[in-house]
Amino acid sequence: MKTIKIIGPAYPFRGGLAAYNERLAREFATQGYQVEIETFTLQYPKILFPGKTQYADWPAPEGLKIKQTVNSINPLNWLRVGNRLRKEKPDVVIFKYWLPFMAPCFGTIIRMVKRNKHTRVICIADNIVPHEKRIGDKPLTAYFIRAIDGIVAMSQSVYDDILKFRANLPRTICPHPLFDNFGAKLTREESLAQLKLDPSFRYMLFFGFIRKYKGLDLLLKAMAHPAIQELPVRLIVAGEFYTDPQPYLDLIRELGLQGKVVLCTHFISDNEVAKYFCAADIVVQPYKHATQSGVTQIAYHFENPMLVTTVGGLPEIVPDQKIGYVVDPDEQAVASALTDFFTRNRRAEFEANIQEEKKKFTWDHMVRAIFTVLNQNKTT
């Protein structure tokens, strides 16, 4: 039996990265591996965290071994953790990489662990080049990439970015698996009742942390187009602001969208997710740039049609005109697609296709991708 460590966000931390690592650990356990997650004692200093809190306010997930060991800003901690793992000799250590800020911590731990000449280290990469670039990103990422034994990219754009840092690194692509850990589907009526929304309207959903690159401003401008103004539709914005909310609130007022936008701008806990997706007719991701997104995989789970833009890996996992729309990150293109969706009543058509398409995104595929890279590493 292989022993596996996953190092990164997990309970008591909240968010998509934590949910991902916990779900991946469950898949390894289901397949008979001995798996443990080591998460942070400190993930981000408060001064660097844009949200209200980093912590979950719900009980710990059952059946998972999670312990808090890693301090992201304490080099002495990195050495202690790395030295302990070196002695423990897990067969595989897996790091989720999403931000150069974590590179010094992760890269140092890896270098310590690999001194045992036994443990192999794999990265699952959300991003190699971050959406919001900062000075020092490239050397920090290079420090991390030079230490690992292989990498699974979750989109073609990330796969291509790897070549900028290490051309001979064993690598493969595996799309983000389904986020199927948010419970079963609810009926539309149940969801709307829980959210206290009027069932006579149809609903679009913008979901997740609100950052500039996610294009909420484009969607608001699209909502103001005359063709959409004439439709009985409303927009639900569900997620915490990770940027200044005032420009968006001003835009809603300037465009006369008061009453047409439902703002639920708090952190959406795991047990709330289902009601937002099951209330929505379509999930809209008008991103200005991206690599991939966990939101699409929640939408797949709940069988929501989607609108995404032609950025990063989003078009790779949302077939245009089959389960939704792939459009340019432009307010007119977004407005035209949404008008088509509602005026032609395409929800049932797209939902039927989603039921088949979602079979491509199992967690078993991710586990197999990890071991594909490990096997590449044996021969390089």
query = With respect to A56, is the statement that it is of a type in the set (G, A, S), surrounded by 13 or more Cβ atoms within 10 Å (Cβ to Cβ) and modelled with pLDDT under 95 true?
reply = yes
query = Regarding V152, is this residue in the same structural domain as F95 (by TED's automatic domain parsing), surrounded by 20 or more Cβ atoms within 10 Å (Cβ to Cβ) and at pLDDT 95 or above?
reply = yes
message = Being farther than 24 Å from T108 by Cα and surrounded by fewer than 22 Cβ atoms within 10 Å (Cβ to Cβ) is the requirement here; does T41 meet it?
response = no
request  = For K288, work out the one condition from (1) touching a Gly at 6+ places or on another chain (Cβ under 6 Å); (2) closer than 11 Å to F206 by Cα it doesn't fulfil.
outcome  = (2)
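Kindly indicate whether D281 is out of contact with any Ser or Thr (no Cβ under 9 Å at 6 or more places or on another chain), among the charged types (D, E, K, R), outside the structural domain of L17 (by TED's automatic domain parsing) and under 16 Å from A337 (Cα atoms).
Yes.
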request  = Just name the residue that is surrounded by the most Cβ atoms within 10 Å (Cβ to Cβ) out of those in the range 184-199 that are assigned to a loop (DSSP other than H, G, I, E, B) and under 26 Å from the mean Cα position of the chain (by Cα).
outcome  = L186
message = Take I252 and tell me if it is part of a helix (DSSP H, G or I) and out of contact with any Gly (no Cβ under 6 Å at 6 or more places or on another chain).
response = yes
inquiry  = Out of the residues in the range 159-183 meeting the condition of being among the basic types (K, R) and under 24 Å from R368 (Cβ atoms), tell me which one is surrounded by the fewest Cβ atoms within 10 Å (Cβ to Cβ).
reply    = R166
Subset tally (residues that are outside any loop (DSSP other than H, G, I, E, B) and under 20 Å from F277 (Cβ atoms)) for the range 217-240 = 8
message = Looking only at the range 287-308, filter to residues that are part of a loop (DSSP other than H, G, I, E, B) and modelled with pLDDT of 95 or more; which one of those is nearest to A333 (Cα to Cα)?
response = P305
ask   = Of all strands (runs of 3 or more DSSP E) completely enclosed by the range 87-167, which ones contain at least 2 residues that are under 23 Å from Y44 (Cβ atoms), of a type in the set (F, W, Y) and touching a helix residue (DSSP H, G or I) at 6+ places or on another chain (Cβ under 9 Å)?
value = 92-97
inquiry  = Pairs please, first residue from the range 156-171 and within 13 Å of G313 (Cβ to Cβ), second anywhere and surrounded by fewer than 18 Cβ atoms within 10 Å (Cβ to Cβ) and not β-branched (V, I, T), Cβ atoms under 7 Å, 6+ apart in sequence or on different chains.
reply    = Q156/E316
key: Filtered residue count, the range 321-336, keeping only those that are surrounded by 21 or more Cβ atoms within 10 Å (Cβ to Cβ) and touching a residue at least 24 places away in the same chain (Cβ under 8 Å)   = 4
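The values are calculated or read from the model by the stated rules, or taken from the named source; none is laboratory data. All values reported here derive from a predicted model rather than from experimental measurement. Cβ atoms come from the backbone with ideal geometry, glycine included; neighbour counts cover every protein chain shown.
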